[in-house]
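Chemist: Sharing a structure, written as C-alpha coordinates. Questions coming.
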Amino acid sequence: MQLLLGFLFAIIIALLAYRTHSLNKSGAIAAIFTGTIIFGIGGWQWAILLLTFFITSSALSRAFKKRKLGLDEKFSKGHERDAGQVFGNGGIATAFAALHFFFPNELWPWLGFAAALAAVNADTWGTELGVLNPNSPRMITDLKKVVEKGTSGGISLIGTLAALAGSALIGILAAFLNPITDSGSTGIIVTLAGLAGALFDSFLGATVQAMYYCPTDKKETEKHPIHTCGTPTVHIRGWKWLDNDWVNFSCGAFGVITSLIIKGLL
Ligand SMILES: [Zn+2]
(Lines give C-alpha, C1' and ligand atoms only; values in the text may rest on other atoms or scores of the structure.)
Protein backbone atom coordinates (compact mmCIF):
# COMPACT_ATOMS: atom_id res chain seq x y z
CA MET A 1 0.00 0.00 0.00
CA GLN A 2 2.75 2.45 0.95
CA LEU A 3 4.62 1.47 -2.20
CA LEU A 4 1.56 2.32 -4.30
CA LEU A 5 1.18 5.68 -2.55
CA GLY A 6 4.90 6.28 -3.05
CA PHE A 7 4.51 5.52 -6.74
CA LEU A 8 1.61 7.99 -7.10
CA PHE A 9 3.44 10.68 -5.14
CA ALA A 10 6.58 10.13 -7.25
CA ILE A 11 4.56 10.53 -10.44
CA ILE A 12 3.07 13.81 -9.22
CA ILE A 13 6.48 15.23 -8.26
CA ALA A 14 8.11 14.04 -11.50
CA LEU A 15 5.31 15.57 -13.58
CA LEU A 16 5.62 18.89 -11.74
CA ALA A 17 9.37 18.84 -12.25
CA TYR A 18 8.93 17.99 -15.93
CA ARG A 19 6.40 20.77 -16.43
CA THR A 20 8.68 23.33 -14.75
CA HIS A 21 11.68 22.09 -16.82
CA SER A 22 13.65 20.84 -13.83
CA LEU A 23 13.69 17.39 -15.44
CA ASN A 24 13.58 16.26 -19.06
CA LYS A 25 11.70 13.12 -20.12
CA SER A 26 14.39 10.57 -19.21
CA GLY A 27 15.01 12.46 -15.95
CA ALA A 28 11.31 12.32 -15.06
CA ILE A 29 11.19 8.55 -15.64
CA ALA A 30 14.32 8.09 -13.51
CA ALA A 31 12.78 10.30 -10.81
CA ILE A 32 9.60 8.18 -10.74
CA PHE A 33 11.78 5.11 -10.15
CA THR A 34 13.92 6.67 -7.39
CA GLY A 35 10.94 8.49 -5.87
CA THR A 36 8.84 5.32 -5.67
CA ILE A 37 11.55 3.52 -3.72
CA ILE A 38 12.39 6.45 -1.45
CA PHE A 39 8.77 7.45 -0.70
CA GLY A 40 7.36 3.93 -0.88
CA ILE A 41 9.95 2.03 1.15
CA GLY A 42 11.29 4.87 3.26
CA GLY A 43 8.31 7.07 4.03
CA TRP A 44 7.59 10.75 4.66
CA GLN A 45 10.83 11.51 6.54
CA TRP A 46 12.80 10.18 3.60
CA ALA A 47 10.60 12.11 1.20
CA ILE A 48 11.29 15.41 2.99
CA LEU A 49 15.06 14.95 2.74
CA LEU A 50 14.89 14.06 -0.95
CA LEU A 51 12.56 16.97 -1.76
CA THR A 52 14.73 19.40 0.22
CA PHE A 53 17.67 18.46 -2.00
CA PHE A 54 15.64 18.49 -5.18
CA ILE A 55 13.78 21.76 -4.59
CA THR A 56 16.71 23.79 -3.24
CA SER A 57 19.12 22.59 -5.93
CA SER A 58 16.62 23.24 -8.73
CA ALA A 59 15.93 26.72 -7.34
CA LEU A 60 19.63 27.56 -6.92
CA SER A 61 20.45 26.43 -10.46
CA ARG A 62 17.94 29.02 -11.70
CA ALA A 63 19.11 31.77 -9.35
CA PHE A 64 21.78 34.38 -10.09
CA LYS A 65 21.38 33.80 -13.82
CA LYS A 66 23.07 37.08 -14.71
CA ARG A 67 26.18 36.19 -12.77
CA LYS A 68 26.36 32.82 -14.46
CA LEU A 69 26.04 34.23 -17.97
CA GLY A 70 29.22 33.60 -19.88
CA LEU A 71 30.51 31.21 -17.27
CA ASP A 72 31.38 27.58 -17.87
CA GLU A 73 28.81 25.51 -19.74
CA LYS A 74 28.20 23.69 -16.48
CA PHE A 75 25.71 26.52 -16.10
CA SER A 76 24.66 27.15 -19.68
CA LYS A 77 23.65 23.50 -19.97
CA GLY A 78 20.35 24.67 -18.53
CA HIS A 79 18.64 23.24 -15.52
CA GLU A 80 16.79 20.30 -17.05
CA ARG A 81 18.25 17.16 -15.52
CA ASP A 82 18.38 13.90 -17.45
CA ALA A 83 18.34 10.31 -16.16
CA GLY A 84 22.13 10.23 -15.79
CA GLN A 85 22.02 13.26 -13.53
CA VAL A 86 19.10 11.89 -11.50
CA PHE A 87 20.90 8.59 -10.88
CA GLY A 88 24.24 10.34 -10.38
CA ASN A 89 22.72 12.52 -7.67
CA GLY A 90 20.11 10.17 -6.22
CA GLY A 91 21.22 6.62 -7.02
CA ILE A 92 23.05 5.97 -3.77
CA ALA A 93 20.31 7.53 -1.65
CA THR A 94 17.82 5.26 -3.42
CA ALA A 95 19.94 2.20 -2.64
CA PHE A 96 20.00 3.08 1.06
CA ALA A 97 16.22 3.61 1.11
CA ALA A 98 15.92 0.10 -0.36
CA LEU A 99 18.29 -1.25 2.31
CA HIS A 100 16.00 0.21 4.97
CA PHE A 101 13.44 -2.38 3.84
CA PHE A 102 15.77 -5.19 4.91
CA PHE A 103 17.07 -3.46 8.06
CA PRO A 104 14.04 -1.48 9.29
CA ASN A 105 15.33 -1.05 12.85
CA GLU A 106 18.90 -0.09 12.06
CA LEU A 107 20.21 3.46 11.93
CA TRP A 108 22.84 3.03 9.22
CA PRO A 109 20.50 2.96 6.16
CA TRP A 110 19.09 6.34 7.26
CA LEU A 111 22.60 7.65 7.94
CA GLY A 112 23.85 6.52 4.52
CA PHE A 113 20.77 7.93 2.81
CA ALA A 114 21.14 11.31 4.53
CA ALA A 115 24.91 11.46 4.00
CA ALA A 116 24.57 10.75 0.26
CA LEU A 117 21.97 13.52 -0.10
CA ALA A 118 23.99 15.91 2.10
CA ALA A 119 26.99 15.39 -0.19
CA VAL A 120 25.21 16.08 -3.48
CA ASN A 121 23.31 18.96 -1.86
CA ALA A 122 26.56 20.46 -0.58
CA ASP A 123 28.10 20.07 -4.03
CA THR A 124 25.17 21.76 -5.75
CA TRP A 125 24.97 24.64 -3.27
CA GLY A 126 28.74 25.14 -3.50
CA THR A 127 28.70 25.13 -7.29
CA GLU A 128 25.69 27.38 -7.72
CA LEU A 129 26.49 29.89 -4.94
CA GLY A 130 30.25 29.80 -5.50
CA VAL A 131 29.76 32.22 -8.42
CA LEU A 132 28.95 34.92 -5.83
CA ASN A 133 32.53 34.81 -4.56
CA PRO A 134 34.11 38.14 -5.52
CA ASN A 135 37.47 36.60 -6.47
CA SER A 136 38.31 33.78 -8.83
CA PRO A 137 38.47 30.28 -7.33
CA ARG A 138 41.69 28.33 -6.72
CA MET A 139 42.40 24.71 -7.54
CA ILE A 140 41.62 22.47 -4.55
CA THR A 141 44.79 20.47 -5.15
CA ASP A 142 47.24 23.26 -4.30
CA LEU A 143 45.05 26.22 -3.26
CA LYS A 144 47.43 28.53 -5.17
CA LYS A 145 46.58 28.20 -8.85
CA VAL A 146 43.84 30.72 -9.67
CA VAL A 147 41.32 29.45 -12.24
CA GLU A 148 38.30 30.81 -14.09
CA LYS A 149 34.94 30.69 -12.30
CA GLY A 150 33.08 27.50 -13.11
CA THR A 151 36.25 25.44 -13.60
CA SER A 152 35.96 21.90 -12.27
CA GLY A 153 38.17 21.50 -9.22
CA GLY A 154 38.18 25.19 -8.35
CA ILE A 155 37.05 26.17 -4.85
CA SER A 156 36.37 29.48 -3.10
CA LEU A 157 35.46 30.68 0.39
CA ILE A 158 31.82 31.49 -0.49
CA GLY A 159 31.47 28.21 -2.38
CA THR A 160 32.85 26.18 0.52
CA LEU A 161 30.65 27.97 3.06
CA ALA A 162 27.64 27.40 0.80
CA ALA A 163 28.55 23.71 0.59
CA LEU A 164 28.73 23.59 4.39
CA ALA A 165 25.30 25.26 4.66
CA GLY A 166 23.78 22.88 2.11
CA SER A 167 25.20 19.94 4.00
CA ALA A 168 24.09 21.30 7.39
CA LEU A 169 20.51 21.77 6.18
CA ILE A 170 20.28 18.08 5.31
CA GLY A 171 22.14 17.20 8.53
CA ILE A 172 19.71 19.15 10.73
CA LEU A 173 16.69 17.59 8.99
CA ALA A 174 18.30 14.15 9.26
CA ALA A 175 18.66 14.63 13.02
CA PHE A 176 15.11 15.88 13.61
CA LEU A 177 13.38 13.47 11.23
CA ASN A 178 15.43 10.45 12.24
CA PRO A 179 12.84 7.64 12.05
CA ILE A 180 15.04 5.28 14.05
CA THR A 181 15.48 5.71 17.79
CA ASP A 182 18.85 6.82 19.16
CA SER A 183 19.47 9.71 16.79
CA GLY A 184 22.49 10.80 18.86
CA SER A 185 25.05 12.55 16.73
CA THR A 186 23.29 12.13 13.37
CA GLY A 187 23.20 15.85 12.56
CA ILE A 188 26.89 16.52 12.94
CA ILE A 189 27.91 13.26 11.24
CA VAL A 190 25.74 13.93 8.19
CA THR A 191 26.93 17.55 7.97
CA LEU A 192 30.63 16.60 8.07
CA ALA A 193 30.10 13.70 5.67
CA GLY A 194 28.27 15.93 3.18
CA LEU A 195 31.02 18.57 3.19
CA ALA A 196 33.64 15.84 2.75
CA GLY A 197 31.72 14.47 -0.25
CA ALA A 198 31.54 17.90 -1.89
CA LEU A 199 35.28 18.50 -1.38
CA PHE A 200 35.96 15.06 -2.86
CA ASP A 201 33.86 16.07 -5.87
CA SER A 202 36.10 19.11 -6.40
CA PHE A 203 39.19 16.97 -5.92
CA LEU A 204 38.05 14.60 -8.68
CA GLY A 205 37.30 17.62 -10.88
CA ALA A 206 40.85 18.85 -10.39
CA THR A 207 42.49 15.49 -11.03
CA VAL A 208 40.92 12.52 -12.82
CA GLN A 209 37.51 13.73 -14.10
CA ALA A 210 37.27 13.57 -17.91
CA MET A 211 38.00 17.03 -19.35
CA TYR A 212 37.67 18.19 -22.91
CA TYR A 213 38.68 21.22 -24.93
CA CYS A 214 36.57 23.26 -27.32
CA PRO A 215 38.77 24.55 -30.19
CA THR A 216 36.18 27.19 -31.14
CA ASP A 217 35.81 28.77 -27.69
CA LYS A 218 39.37 27.86 -26.70
CA LYS A 219 38.28 26.67 -23.27
CA GLU A 220 38.16 23.59 -21.10
CA THR A 221 34.79 21.88 -20.74
CA GLU A 222 33.13 18.77 -19.30
CA LYS A 223 31.04 18.52 -22.46
CA HIS A 224 31.54 15.60 -24.83
CA PRO A 225 31.20 14.78 -27.70
CA ILE A 226 29.68 18.15 -28.69
CA HIS A 227 30.21 21.49 -26.97
CA THR A 228 27.26 23.85 -26.33
CA CYS A 229 28.44 25.87 -29.35
CA GLY A 230 28.14 22.80 -31.61
CA THR A 231 31.88 22.13 -32.03
CA PRO A 232 33.18 18.59 -31.30
CA THR A 233 35.37 18.60 -28.17
CA VAL A 234 38.79 16.98 -27.76
CA HIS A 235 39.82 14.90 -24.75
CA ILE A 236 42.68 16.62 -22.91
CA ARG A 237 42.90 14.97 -19.49
CA GLY A 238 41.28 12.65 -16.97
CA TRP A 239 39.66 9.25 -17.21
CA LYS A 240 37.27 9.21 -20.16
CA TRP A 241 34.59 7.18 -18.33
CA LEU A 242 34.58 9.53 -15.32
CA ASP A 243 32.03 12.06 -16.56
CA ASN A 244 30.09 14.52 -14.44
CA ASP A 245 27.38 11.99 -13.52
CA TRP A 246 29.97 9.54 -12.17
CA VAL A 247 31.68 12.36 -10.28
CA ASN A 248 28.37 13.21 -8.59
CA PHE A 249 27.90 9.53 -7.82
CA SER A 250 31.39 9.42 -6.27
CA CYS A 251 30.58 12.56 -4.27
CA GLY A 252 27.61 10.77 -2.68
CA ALA A 253 29.60 7.58 -2.16
CA PHE A 254 32.40 9.47 -0.43
CA GLY A 255 29.82 11.12 1.85
CA VAL A 256 28.36 7.73 2.76
CA ILE A 257 31.76 6.19 3.49
CA THR A 258 32.73 9.20 5.62
CA SER A 259 29.49 9.01 7.62
CA LEU A 260 29.86 5.30 8.28
CA ILE A 261 33.51 5.73 9.31
CA ILE A 262 32.68 8.56 11.72
CA LYS A 263 29.75 6.56 13.09
CA GLY A 264 32.08 3.63 13.64
CA LEU A 265 34.56 5.84 15.46
CA LEU A 266 32.04 7.56 17.74
ZN1 LIG B 1 32.54 25.75 -27.94
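Chemist: In region 18-29, what residues are assigned to a helix (DSSP H, G or I) and buried (at least 23 other Cβ atoms within 10 Å of the Cβ)?
Modeler: Ala28 - this is the single residue of region 18-29 that is assigned to a helix (DSSP H, G or I) and buried (at least 23 other Cβ atoms within 10 Å of the Cβ).
Chemist: State which residue pairs qualify: first residue touching a residue at least 40 places away in the same chain (Cβ under 8 Å) and inside region 215-226, second residue assigned to a loop (DSSP other than H, G, I, E, B) and near the ligand (Cβ under 7 Å from one of its atoms) in any location, beta carbons under 7 Å apart, and separation of 6 or more residues or different chains.
Modeler: Listed pairs, sorted by first residue: Thr221/His227.
Chemist: Here is a check on your reading of the model: is His235 surrounded by 15 or more Cβ atoms within 10 Å (Cβ to Cβ) and within 16 Å of the ligand (Cβ to nearest atom)?
Modeler: no
Residue-wise test of (1) surrounded by fewer than 21 Cβ atoms within 10 Å (Cβ to Cβ); (2) of a type in the set (Gly, Ala, Ser); (3) away from the ligand (no atom under 16 Å from the Cβ); (4) within 30 Å of Pro104 (Cα to Cα).
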| position | (1), (2), (3), (4) |
| --- | --- |
| Thr186 | no, no, yes, yes |
| Ile189 | no, no, yes, yes |
| Gly205 | no, yes, yes, no |
| Ala210 | yes, yes, yes, no |
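Chemist: What is the one condition in (1) farther than 21 Å from Phe64 by Cβ; (2) at pLDDT 95 or above; (3) not hydroxyl-bearing (Ser, Thr, Tyr) that Lys145 does not satisfy?
Modeler: Status for Lys145: all satisfied but (2).
The values are calculated or read from the model by the stated rules, or taken from the named source; none is laboratory data. Here the structure is a predicted model, which is why all the values come from computation and not from measurement. Quick reminder, even Gly has a Cβ in these numbers, built from the backbone with ideal geometry, and neighbours come from all protein chains shown.
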